[in-house]
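The values are calculated or read from the model by the stated rules, or taken from the named source; none is laboratory data. This is a predicted model, so every value here is computed, not measured. Cβ coordinates were reconstructed from backbone atoms using ideal geometry, including for glycine residues, and neighbour counts include every protein chain displayed. Heavy atoms of the whole protein, side chains included, go into the accessibility calculation; ligands, DNA and RNA do not. Shrake-Rupley method; radii C 1.70, N 1.55, O 1.52, S 1.80 Å.
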Amino acid sequence: GKLRVDAEVQPWVITDKNEDVYANGQSGIYHSFSKSFFPALDALEARGFDFSRFDQNGDGIIDAIVMLHSGYAAEISGLDCNNNRDKTNRIWSHAIPGVPPSDAWKGRT
C-alpha cells in the first residue's frame, strides 16, 4: 500500500524548562523522555488545538506526532557553540516508536 502523510505546522512553543532538564544528562535517551513533550502538548491544548483530527481510529490517542527542538543536536557531539553544553545535556534527535501507557499524556483527544 501507499503511505500518505498530512502534516500541520504550529508556531513554536516555549516551555518553562530548558534543554538540560529534558536531556536529563542522558541526551534525552531514557524511558520517560516522552513526558518532555507534555508541556508543549498542554500549550497547544490551551491554544485550542484540535488533537482529535490526529486520531484516525478514535481511540483517544494521537496516532503520530513530530516535535522539532531547537538547539545544537546531541548527535553532533562536541560542545554547543551557543552555551557550551556537552552532548549529554542536549537532546538527541530521535524517534520514539511507542509510548508506554504510564507515560500517556492526560489531554488525549
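Using DSSP to define loop residues, name the trypsin sites (Lys or Arg not before Pro) in the range 21-56 whose beta-carbon has at most 13 other beta-carbon atoms within 10 Å.
Counting only loop positions with at most 13 other Cβ atoms within 10 Å, the trypsin sites (Lys or Arg not before Pro) in the range 21-56 are Arg47.
Could you state how much accessible area His94 has, in square angstrom rounded to the nearest 10, with a 1.4 Å probe and all protein chains kept in place?
Here the residue's solvent-accessible area equals roughly 80 Å².
Order Arg4, Arg90, Arg85, most accessible first, counting only protein heavy atoms with a 1.4 angstrom probe.
Listed by decreasing accessible area, they come as Arg4, Arg85, Arg90.
Kindly give Rg over Rh for the chain, based on alpha-carbon atoms, with the Kirkwood expression for the hydrodynamic radius.
Taking Rg over the Kirkwood Rh, I get 0.99.
Before I look further, what does the range 1-74 give for accessible area per residue, probe 1.4 Å, in whole square angstrom?
71
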